[in-house]
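The values are calculated or read from the model by the stated rules, or taken from the named source; none is laboratory data. The shown structure was predicted, so the numbers you read here are calculated from the model rather than taken from an experiment. Cβ placement follows ideal geometry from the backbone for every residue including glycine, while neighbour counts extend to all protein chains displayed. The protein model used for the area step is the full one, side chains on, heavy atoms only, and it has no ligands, DNA or RNA in it. Shrake-Rupley method; radii C 1.70, N 1.55, O 1.52, S 1.80 Å.
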Amino acid sequence: MAAKRKTKRTAHLKAVPAGGGAAAAAKPKQTDDGIPGLTPANGEESGEFVTDALVDLGYVSAERAERAVSEARNAGRPPEELLLEEGIIDSDQLSRAVAE
């Protein structure tokens with residue numbers, strides 16, 4: 001007899017809303033480059049710091065970002081790395097901010 005496999009639910013997956021219909025769920029969003037599933041940045045290269053993008057996206061407060069910059073200077077490390085290690089942001093949020 002074969003052993004039953006437990007299905008592991010992934011927290012980042014969400015159900016498709018009822019109003020979206022099967023067609024919306026079946027076809028991934030296309031970018032200008034034609035790459036399905038790739039989310040384009042909101043604008044052109046800004047030259048801002050990653051911490052600025054994290055604040056603009058609402059992932060951290062301006063005060064927390066400033067504190068991370070100070071801590072990073074003392075530690076000799078990037079502030080976004082400290083925010084990631086402390087669990088303030090996750091890797092998906094950091095990736096999105098870097099893309100901005």
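Taking region 51-60 as the range and being open to solvent by 50 Å² or more (accessible area, probe 1.4 Å) and of a type outside the set (A, V, I, L, M) as the test, the residues that pass are D52, D56, G58, Y59.
When you go through E63, E48 one by one, which is the residue that is open to solvent by 80 Å² or more (accessible area, probe 1.4 Å), of a type outside the set (S, T, Y), over 15 Å from the mean Cα position of the chain (by Cα) and modelled with pLDDT of 95 or more? Selected residue: E63, the only one of E63, E48 that is open to solvent by 80 Å² or more (accessible area, probe 1.4 Å), of a type outside the set (S, T, Y), over 15 Å from the mean Cα position of the chain (by Cα) and modelled with pLDDT of 95 or more. Considering only region 68-94, how many residues are surrounded by 11 or more Cβ atoms within 10 Å (Cβ to Cβ) and out of contact with any helix residue (DSSP H, G or I) (no Cβ under 9 Å at 6 or more places or on another chain)? Qualifying residue count for the region: 0.
From the list L83, L94, the one residue that fits, being within 11 Å of the chain's Cα centre (by Cα) and not basic (K, R), is L94. Among the residues making up region 63-100, those that are of a type in the set (S, T, N, Q) and closer than 13 Å to A53 by Cα are Q93, S95.
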